[in-house]
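Report on the structure given below.
The values are calculated or read from the model by the stated rules, or taken from the named source; none is laboratory data. The structure displayed is predicted, hence computed values, not measured ones. Cβ placement follows ideal geometry from the backbone for every residue including glycine, while neighbour counts extend to all protein chains displayed. SASA here: full protein model, heavy atoms, side chains in, ligands and nucleic acids out. Shrake-Rupley method; radii C 1.70, N 1.55, O 1.52, S 1.80 Å.
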Amino acid sequence: MKFDFDNERPIYIQLVEQLRIGILTSTFSIGDKIPSVRDLAMLAKVNPNTMQKALAELEEEKLIYTERTNGKFVTKDVKLINKIRDNLAKEKAKEFFSSMKKIGMDENETIDYLQDLIKK
């Protein structure tokens, strides 16, 4: 997994988002063990404490869980993953429609525009 960061938001929030996407897109497969905090931190080139904070948030969301002495694993709850994917899709769609509105296109115009793009 490759991590990309910008300077406008806290790194741990960006880590949470990128790791969440990794789970939703099966970069980290359902039920699989994820790399250790240290290994992920080295991969992302961040402090292990920052990575631990991001993983703790994913654990609160129940996207990952810890097995004592065995490490951290991706949830096996497919319904949860689908629910989070749907919520993220809704959020992204709302952002997109809001951006289109700012350039003067209402929802129907935006939908028509997208349908035309798909046809081409």
Quiz item: Among the numbered criteria (1) more than 20 Å from Lys79 (Cβ to Cβ); (2) in contact with an Asp or Glu (Cβ under 7 Å, 6 or more places away or on another chain); (3) open to solvent by 40 Å² or more (accessible area, probe 1.4 Å), which single criterion is violated by Tyr65?
Solution: (1)
Practice problem: Determine whether the stretch 24-36 contains at least one residue that is assigned by TED's automatic domain parsing to the domain that holds Leu58, more than 20 Å from Glu67 (Cβ to Cβ) and touching a residue at least 24 places away in the same chain (Cβ under 8 Å). | Solution: yes
Quiz item: Since Ile118 meets every condition but one in (1) in a helix (DSSP H, G or I); (2) surrounded by 11 or more Cβ atoms within 10 Å (Cβ to Cβ); (3) of a type outside the set (Lys, Arg); (4) free of Cβ contacts under 8 Å to residues at least 12 places away in the same chain, which condition does it not meet?
Solution: (2)
